């Protein structure tokens, strides 16, 4: 369970200082699929970065099963990331000089996962496992990023606009892969997007504006 | 102009390299030309023998140090240009997309010749500062009575003007070659696929594979790391021997040049490898790899090259001094015995291990400071 209380984050200095997160509080249960919706500049990516430990908050707390994130040292934070989280970014961030299989091993080795090929198979890239990122389409690269993230068997998966750089059809395919795997493996999934259509598949939809949560909608379907 | 004047500040490695090369070469070449001018004045066999030995020394030192440093400078320039094009591929891609010709873009790279000019000019002036003491030391027994310092314009042309022009041309030609790739590749920063794609399951761990991949992607840096430890090993050991074979000043000069070259080259190589892998390091840290893993992946692959460089440096300095003593100074009286100095070698090795591993450790720790959020939001 992730308990977020009164989270605040500022950017800039002096007169240009502004509040990117303004007292955000929310509780996320294990195995939930949360979608964070909001326009550009609403604070949704900052929220994701802070709750995932990519950047520190300026106030408030983020507790993972009673472990407070901002109390962890750099070493403990690294171990926390190693044992608990995985990320999928809009820009994939694959390692360009490593082929598909080796990129996926980046995640798999952290969990000593010898069975990582099944993730490459699950995202439909078995035939291309020896290809390099530059030889793949955008959709395929994002599927590699998914396989890499899932191969470390995360407890929480963070996704920042994972389909933002893809066309609608490919984006839908990629999303279907992720949701299918989340349902099979039961990890918690927190996804940032500005695409309202994606939200219909989530358990809960959190809408953000000006650094605040403006609504939380349960999805009964 | 794609390359601005302020970009040449980043090429200080080239300036330092050319400065060292020109200082050494001008000292010895100026001395050589001044010696040849008094060739006819040697009327006794001692001064003739001394004169011949000095001429030979000047030739050997210029060929060895000047040649070696010139080759390294060319490699460094090629490396800088490739690195510059890689890191500015988007801007270059935009210019190409707007219709700028490859030559028009490549012309801007001639600015790199300025870094050579700065280094050469400083080295040239520095050599004249050191010259009175150098002449005095070379002729401390007073065999060559008529020896005095003269300005030789030909040396100014050969050591300052010519390298500047040649390096500017090399920079333009090399850039032209590197720019011959599709505009879209430059815009997207597409990296060519490397390595063989064997259809078998890889046994290497991710960290081991990453280490090999970092080495393969920046092969030039292997040369720089090896060169850095080569300089450290050869110059420090040589400077210790020079104290006996030549003079303390000569020993000190070699020691300073060696240390400056070694640290400059190592700094350039290590900062380049870290900068070019910044996103990969950030991604590793996001996934939970610690700084020791990052260091193992990015820096440890260069360790064998560093130690091989050290060994080559030790052998090189021994071979060079052996040649000097056995061939160049053969028959010259008063030249001390020269043997490989094992104690100095072991001390240098111990210092090298501490310094090299210490620097690598410090750089490994610095990877913690790479801002994750900034990299991920680029």
Legend entry - Every residue from segment B:148-177 that is surrounded by fewer than 18 Cβ atoms within 10 Å (Cβ to Cβ) and over 30 Å from residue B:134 (Cα atoms): B:169, B:173, B:176, B:177
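Residues in segment A:68-89: is at least one facing chain B (nearest Cβ under 10 Å) and more than 20 Å from residue B:368 (Cα to Cα)? Show your work before the answer.
Quick first cut of segment A:68-89, residues facing chain B (nearest Cβ under 10 Å) only: A:74-75, A:77-87, A:89.
So of that shortlist, the ones also more than 20 Å from residue B:368 (Cα to Cα) come out as A:89.
Among the residues of segment A:68-89, at least one is facing chain B (nearest Cβ under 10 Å) and more than 20 Å from residue B:368 (Cα to Cα), which makes the answer yes.
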Inset, instruction - Kindly indicate whether residue B:293 is crowded, with 23+ Cβ neighbours inside 10 Å and out of contact with any strand residue (DSSP E or B) (no Cβ under 6 Å at 6 or more places or on another chain). - result: yes
Inset, instruction - Output yes when any residue across segment A:36-56 is more than 10 Å from chain B (Cβ to nearest Cβ), touching a helix residue (DSSP H, G or I) at 6+ places or on another chain (Cβ under 6 Å) and surrounded by fewer than 24 Cβ atoms within 10 Å (Cβ to Cβ), and no when none is. - result: yes
Legend entry - Output for segment A:196-216, where each listed residue is modelled with pLDDT under 90 and exposed (fewer than 15 other Cβ atoms within 10 Å of the Cβ): A:196, A:197, A:200
Inset, instruction - Mind counting the residues in segment A:129-142 that are touching a helix residue (DSSP H, G or I) at 6+ places or on another chain (Cβ under 6 Å) and more than 10 Å from every other protein chain (Cβ to nearest Cβ)? - result: 3
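Within segment B:232-253, restricting attention to residues that are more than 20 Å from residue B:337 (Cβ to Cβ) and modelled with pLDDT of 80 or more, which residue is surrounded by the fewest Cβ atoms within 10 Å (Cβ to Cβ)?
B:252
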Inset, instruction - Inspect segment B:220-231 for any residue being within 14 Å of chain A (Cβ to nearest Cβ), surrounded by fewer than 18 Cβ atoms within 10 Å (Cβ to Cβ) and within 30 Å of residue A:104 (Cα to Cα) and give the result as yes or no. - result: no
Inset, instruction - Identify the residue in segment A:1-21 that is in contact (Cβ under 8 Å) with a residue 60 or more places away in the chain and surrounded by 19 or more Cβ atoms within 10 Å (Cβ to Cβ) and, among all such residues, is farthest from residue A:175 (Cα to Cα). - result: A:9
Inset, instruction - Go through the residues of segment A:49-60 one by one and say whether even a single one is over 19 Å from residue A:160 (Cβ atoms) and in a strand (DSSP E or B). - result: yes
Inset, instruction - Sort through B:250, B:242, B:238 and tell me the only one that's without any contact (Cβ under 8 Å) to a residue 60 or more places away in the chain and on the phi < 0 side of the Ramachandran plot. - result: B:242
Legend entry - Residue identified as within 23 Å of residue B:217 (Cα to Cα) and within 14 Å of chain A (Cβ to nearest Cβ) among B:306, B:292, B:269: B:292
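Residue-by-condition table, conditions (1) within 14 Å of chain A (Cβ to nearest Cβ); (2) at pLDDT 90 or above; (3) on the phi > 0 side of the Ramachandran plot:
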residue	(1), (2), (3)
B:298	yes, yes, no
B:301	yes, yes, no
B:312	no, yes, no
B:322	no, no, no
B:329	no, no, no
B:341	no, no, no
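When the residues of segment A:67-83 are filtered to those that are in contact with a strand residue (DSSP E or B) (Cβ under 8 Å, 6 or more places away or on another chain) and surrounded by fewer than 20 Cβ atoms within 10 Å (Cβ to Cβ), which remaining residue is modelled with the lowest pLDDT? Spell out how you get there, then give the answer.
The first filter runs over segment A:67-83 and keeps only residues in contact with a strand residue (DSSP E or B) (Cβ under 8 Å, 6 or more places away or on another chain), leaving A:68-70, A:80.
Pick out the ones that are also surrounded by fewer than 20 Cβ atoms within 10 Å (Cβ to Cβ) and you get A:68, A:70, A:80.
Numbers: A:68: 89, A:70: 84, A:80: 90.
Looking at residues that are in contact with a strand residue (DSSP E or B) (Cβ under 8 Å, 6 or more places away or on another chain) and surrounded by fewer than 20 Cβ atoms within 10 Å (Cβ to Cβ), I get A:70.
The values are calculated or read from the model by the stated rules, or taken from the named source; none is laboratory data. Since this is a predicted model, take the numbers as computed values, not measurements. We place every Cβ from the backbone using ideal geometry, glycine too, and count neighbours over all the protein chains shown.
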